[in-house]
Structure formats: C-alpha cells, structure tokens
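Student: Here it is, the structure in full.
Here, each number is a calculation from the coordinates, and none is a lab measurement. It should be emphasised that the depicted structure is a prediction, and the values quoted were computed from it without experimental measurement. Here the Cβ positions follow ideal geometry from the backbone for every residue, glycine too, while neighbour counts run over all protein chains shown.
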Amino acid sequence: RIAKNHAASNPITMWYLKRSPSGRERNAMINEVERLRAKYHLDGKRVILSLGHVHEIRNRKDLVEALPEVLKVFPEAVLLIVGAVATQTPATLARGLGVQDSVIFTGPVAHDEVPGYLALADVEGHWLNQDDPARTSLGIASLEAMSAGKPILAGVRRSGHAGGVRQPCRSVAG
C-alpha cells in the first residue's frame, strides 16, 4: 500500500506498476539497459544497485565492507552507486579492501533515468541508519526498487556494530 501511495504521486514509479507495458515501452527499456550496460561495462556482471546521493550519513560503508565476501561467491558482482558523491569514504574504503574495480560511481543522474538503472539491477542495496530509530526508513529509492520488483539488500548498524551481508547465499541472489 505504501508503494502504491508513493507511486500515485510519482509518474516514474507508476511505469513499474503497469502489468503490461506496451511494446514501445518495453523496447525503450531494453535499449536503455543495453546503453547503461555498455556505458559502465556491465556485460556478464551481477549488479548491486545503490540509489541516492552519497554523504557521510549515507556513505555505503557497510555495502562496500561486505563486497569482498560477496565477491567470493559472486566474482562477477559490481556495486553500482548512482547519485552525487559528497564524500570519498566509500571510494577510499574500496581501494583499501582491494575491491575498487567492483565499485562504480555514476555521479548524479536525472530522476527519469532511474527506471533504466533499476531495470539492469539484480538487487538494490540500501543504507539503513539504525543508530537512531526515529531516523530509520527504507526511503524512496527502496520503494521504487520494490515497485520495480527488485529485492532489497540492506546494510544496517545496530549498537555501533556493522551489519549487512556477511555470508552471501547463492540461492538468494542466484
């Protein structure tokens, strides 16, 4: 219900809720996914998409920290971070962990391009701030991903301890 209420006010999300997109819409989305796969060299890759601007509160640290373990099971995985970047924390961490070639920062994109990114993704990875329950939410990016039928992977922090994916399971993502 929440996703449908959000979608009612968001024409981009409404596109996902159509059960039978027209052939023209379907072909346009296929072309957009092909364009994005070529642009970011994603052929043969499993895409963990993370939507939204990057700053110190939403720095994707837990997602990047989990990536070495994910890559042991899915060596073809990439973390595609879509949005403006205001901190170098995730890039620095990725270099330190040796996974910099599996983390791609797109920079800001227009909101009407989001459906293409969601269409190419295998899963959407999201940061949840669990240190302050009053500030915890899935956010609009996760609602859009769920509306697109994408599973959500959440990195969380509780009581100062990192959460997130520690033992990836091929049957869940495969």
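Student: With bins 10 Å wide starting at 0, give me the P(r) of region 47-119 over every alpha carbon pair, in whole percents.
Tutor: Going from the shortest bin to the longest, the percentages are 20, 54, 25, 1.
Student: With the crude spin-label approximation of a point 7 Å out along Cα→Cβ, what separation in nm comes out for Thr92 versus Tyr40?
Tutor: Those two pseudo-labels are separated by 2.4 nm.
Student: I've got another one for you. Would you kindly state how much longer the chain becomes between Glu76 and Glu113 on full extension, computed as 0.36 nm times their sequence separation minus their alpha carbon distance, in nm to one decimal?
Tutor: Details: separation 37, 0.36 × 37 = 13.32 nm, distance 2.41 nm.
The Glu76-Glu113 span can extend by a further 10.9 nm.
Student: Near Gly83, within a Cβ-to-Cβ distance under 11 Å, what is the net charge of the other residues, with Lys and Arg +1 and Asp and Glu -1?
Tutor: On the way: positive: Arg58, Arg60; negative: none.
Summing Lys/Arg as +1 and Asp/Glu as -1 gives +2.
Student: Give the percent of DSSP beta bridges with both residues in region 41-118 that are antiparallel, rounded to the nearest 5.
Tutor: Details: 1 of 12 bridges.
Beta bridges within region 41-118, antiparallel portion: roughly 10 percent.
Student: Please report, to one decimal in angstroms, the Kirkwood hydrodynamic radius of region 32-81 built from all distinct Cα-Cα pairs. Write out the running numbers ahead of the final one.
Tutor: Values: mean 1/r = 0.0836 Å⁻¹.
Final number for the Kirkwood radius of region 32-81 is 12.0 Å.
Student: What nm distance separates the two modelled labels at Asp101 and Glu56, each placed 7 Å from Cα along Cα→Cβ?
Tutor: It is 3.3 nm.
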